Amino acid sequence: MTTKTEVDKAEEDRKHRIRAAAFLGIVGGGSALFGFSKTLSKAKRQDSKLLEKGGRETLILMDEGSALALRALGYGTTYAVLGCGLFCFGIWKLSGAKDMTEFRSKMGSFLPKLTSNSPATSRTEFEGLSDLMRYLSTWRTES
């Protein structure tokens, strides 16, 4: 039997996941856009002699450069996706699993167990980054 609080919690969890996915998408897209524009501006700055010359030849060379960059981006994306997919597929086949449940149980028996540290025995809250760094630098020396 589901209560109102369980339904509210499930709805809140769904909204949180949507917000988290949107945040990651925005940050990733912004980073990609910033990186691409920074690289393009750096390339234009380095080839300023070509830009000063102007004319039709410059336009053709810049179009060829952007086409080359797009082609390289396409090849890089294809290689990354196919490589990762092939790696995951290989692990799946080497495990001999027939479905996801069997794969999960085989990987669970193969990989080390994660232990629950509840309640935490070490510090979990820090006042700032310097407090965290001080704690990490003395973490193994404390007894």
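Each value in this text was obtained by applying a stated rule to the coordinates, not by laboratory testing. Please read these numbers as outputs of a predicted model, since none were measured by experiment. Here Cβ is always computed from backbone atoms with ideal geometry, including for glycine, and neighbour counts include all displayed protein chains.
Ranked by Cβ crowding within 10 angstrom, fewest neighbours first, how are M100, M107 ordered? Don't jump to the answer; show the numbers that get you there.
Details: M100 9, M107 13.
Ascending number of Cβ neighbours within 10 Å: M100, M107.
Computed 3J(HN,Hα) for region 85-93, one whole-Hz value per residue from the Karplus formula 6.51 cos²θ - 1.76 cosθ + 1.60 where θ = phi - 60°, is x, 5, 4, 5, 5, x, 5, 4, 5, glycine and proline marked x.
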